[in-house]
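Novice: A single structure is presented below for examination.
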Number of protein chains: 2
Amino acid sequence: MSNAIVTAAMVAIGDELLSGRTKDKNIGHLADMLTAVGIDLEEVRIVGDDEDAIVKAVNELRGAYTYVFTSGGIGPTHDDITADAISAAFGVPCEHDAKALELMGAVYRSRDIEFTESRMRMARMPKGAAHIVNPVSVAPGFTIGNVHVMAGVPSIFQAMLDSLLPTLRTGAKIQSVTVNCPFGEGAIGDPLAAIQDQNPETVIGSYPQFDGTSFSTQIVIRGRDATAIAAAEKQVGKMLEQLHSKREKTGR
Amino acid sequence: MSNAIVTAAMVAIGDELLSGRTKDKNIGHLADMLTAVGIDLEEVRIVGDDEDAIVKAVNELRGAYTYVFTSGGIGPTHDDITADAISAAFGVPCEHDAKALELMGAVYRSRDIEFTESRMRMARMPKGAAHIVNPVSVAPGFTIGNVHVMAGVPSIFQAMLDSLLPTLRTGAKIQSVTVNCPFGEGAIGDPLAAIQDQNPETVIGSYPQFDGTSFSTQIVIRGRDATAIAAAEKQVGKMLEQLHSKREKTGR
């Protein structure tokens, strides 16, 4: 951990995410995990199982952020083309990795499962890539440059991310304070904007919730400096007191 | 509905989606709805409440796809900057819309709620934009060019999308057949690749499921021609029969 800002982007890969057939669960998990360790997730793209689309997204993002994480498309079937696409993005050959073949071969032998050509597909990766350990189902993810390629099945994505995260550079953690606010955004918008202006070292977000009848809001104050957050929080508390006393006077 | 291909992209906007605080629900819903009406969702991006990031994403996507849909950032608080960003993307002023002010003003008056400056923010939109009706909480979304801007709160996003969808051009619907397959992808990879080769008018996807012990697969055959789908489905059925009889012979 340092005081530097470490940034990241994600590419979630799969036709099924764009057709609605599968609802993505990896983006939210990655966001949670990166926030926890102090890496700023700044952009996510979802693309289909299409080499050109994957290459374009990965190449645009890997130049712009410290890390790129991908999910999906590294299984054994013909529509799993992520290893080929990442190789194309880096301009290196996509090859069967000797160490991956060995690891996987040993497991299949021990389970008396045939090591078919399609299972061997899962050992393919860009030449020179390093493994990301897969404790669930052996076939590894991989890292090339600043791009980390993981599986789409959530339990395997999560396990691979657990293997990977301790090896990454992390930055100063963003801290946050959440204030539950019984008023809708319309009531707090003006004073909250003034508080944001007076507290430039924090980023104040407000998230409306609608229960079908009325709005309430969660106010989240974020920043890297605890003192600055506490100062803004105090002003938010004062704002809520004033809104409460106004409501008592006017009956709304 | 026509036989033309109609494409779309989505930009989901909000710092809270990238921090993990909020788990997006709009992407999957939009994907379901577009698939149902015959619009191909081809790309999704998630960006923060950052004008440059929104402008870049919207301008790249609106030139590449028939429609762009956005969610988030059109509420009344200082961090709701989507209307400004979309205006900047189109190079037009962001102004209070007279019709929106009138609509909202009438509702606030009837409820005896003060029409504050921050509530008026929700009537701001790019000059010349058309309204997307919001039956939930009045403040409209808007359409400019081929970009449709909707709220981030899922119930309001869904209601706005219901208002909008009947007005859009749609294409030939993609039909699909799902075959539940008790074998993992490793077992079906080789024969399924051969079936895909023999059925180029269909797109065959396979989606692994892992229950903590073993893998199974859902095989989805997609296409715009029912006869082609049926032919591929028949071959998949034959493949499963062969795998079952092989399993009976070998005991696995």
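Every number here is computed from the coordinates shown, using simple stated rules; none is lab data. All values reported here derive from a predicted model rather than from experimental measurement. Neighbour counts run over all protein chains shown; Cβ positions are idealised from the backbone, glycine included.
Novice: Calculate, for residue A:201 and residue A:32, the FRET efficiency according to 1/(1 + (r/R0)^6) with r their C-beta to C-beta distance and R0 25 Å; round to the nearest 0.05.
Specialist: Working from the Cβ atoms, E equals 0.55.
Novice: If you average the alpha carbon positions of region A:47-116 and of region B:203-252, how far apart do those two centres end up, in angstrom?
Specialist: 22
Novice: Dipole of region A:1-116 (Lys/Arg Cβ +1, Asp/Glu Cβ -1, origin at the Cα centre): which of A:72, A:5, A:48 lies farthest to the positive side?
Specialist: A:5
Novice: Still on this structure, please answer the following. Identify the residue of chain B whose Cβ lies closest to the rotation axis that maps chain B onto chain A, and give that distance in whole Å.
Specialist: B:45, 3
Novice: Over region A:7-167, what is the percentage of antiparallel beta bridges among all DSSP beta bridges, to the nearest 5?
Specialist: Roughly 40 percent of the beta bridges in region A:7-167 run antiparallel, per DSSP.
Novice: Under 10 Å, Cα contacts only: if you run a Gaussian network model on chain B, which one of B:191, B:126, B:140 comes out with the highest mean-square fluctuation?
Specialist: B:191
Novice: Calculate how many DSSP beta bridges within the protein assembly as shown are antiparallel, expressed in % of all such bridges and rounded to the nearest 5.
Specialist: Numbers: 55 of 87 bridges.
Roughly 65 percent of the DSSP beta bridges within the protein assembly as shown come out antiparallel.
Novice: Go through B:205, B:172, A:159 and say which Cα lies farthest out towards the positive end of the charge dipole of the protein assembly as shown; charges sit on Cβ, +1 for Lys and Arg, -1 for Asp and Glu.
Specialist: A:159
Novice: Given A:25/A:99; A:23/B:234; B:173/B:249; A:23/A:246; B:173/B:238, which pairs have Cα atoms separated by over 32 Å?
Specialist: Over 32 Å apart, Cα to Cα: B:173/B:249; A:23/A:246.
Novice: Using 7 Å Cα-to-Cβ label points, what is the residue B:246/residue B:116 separation (nm, one decimal)?
Specialist: The modelled label-to-label distance comes out at 6.7 nm.
Novice: Give the angle, between 0 and 90 degrees and rounded to the nearest 10, that separates the Cα long axis of helix B:185-198 from the longest principal axis of the Cα atoms of chain B.
Specialist: Its long axis makes an angle of about 90 degrees.
Novice: Given N residues in chain B, what is its alpha carbon radius of gyration divided by 2.2 N^0.38 Å? Numbers along the way, then the final one.
Specialist: Working: Rg = 23.1 Å, N = 252, 2.2 N^0.38 = 18.0 Å.
Ratio of Cα Rg to 2.2 N^0.38 Å: 1.29.
Novice: With a 10 Å cut-off between alpha carbons and a GNM built on chain A, which of A:35, A:213, A:167 moves the most?
Specialist: Of A:35, A:213, A:167, the most mobile in the Gaussian network model is A:213.
Novice: Which trypsin sites (Lys or Arg not before Pro) in region B:1-45 sit in a loop by DSSP (not H, G, I, E or B) and have at most 13 other Cβ atoms within 10 Å of their own Cβ? Show your work: numbers first, answer last.
Specialist: Working: sites: B:21, B:23, B:25, B:45; in loops: B:21, B:23, B:25.
In loop regions of region B:1-45 (DSSP not H, G, I, E or B), there are no sparsely surrounded trypsin sites (Lys or Arg not before Pro).
Novice: With charges only on Cβ, +1 for K and R and -1 for D and E, what is the dipole size of chain B about its Cα centre, in debye, rounded to 20?
Specialist: 720
Novice: Using Cα springs under 10 Å in a Gaussian network model of chain B, which residue among B:158, B:196, B:209 shows the largest mean-square fluctuation?
Specialist: Between B:158, B:196, B:209, it is B:209 that shows the largest mean-square fluctuation.
Novice: Something else about it: Given 0.36 nm per residue, what is the gain on full extension from residue A:4 to residue A:228 after removing their alpha carbon distance, in nm?
Specialist: Length gained, residue A:4 through residue A:228: 78.8 nm.
Novice: Averaging the inverse of every distinct alpha carbon separation and then flipping it gives the Kirkwood radius. What is it for region A:88-214, in angstrom units?
Specialist: For region A:88-214, the Kirkwood estimate is 19.1 Å.
Novice: Let me ask you something else. Calculate the all-directions average of the projected area of the protein assembly as shown's alpha-carbon convex hull, and give it in nm².
Specialist: Working: hull surface 100.4 nm².
That works out to 25.1 nm².
Novice: How large is the helix-only mean residue ellipticity at 222 nm for chain B, computed as the sum of -39500 (n - 2.57) over DSSP H runs with n ≥ 4, divided by its residue count, in deg cm²/dmol to the nearest 500?
Specialist: -13000 deg cm²/dmol
Novice: Identify the residues of region B:225-242 with backbone N under 19 Å of a label point that sits 7 angstrom from the Cα of residue B:214 along the Cα-to-Cβ direction, or state none.
Specialist: Only B:239-242 pass the distance filter.
Novice: What FRET efficiency comes out for the pair residue B:138/residue A:130, r = Cβ-Cβ distance, R0 = 41 Å, nearest 0.05?
Specialist: 0.15
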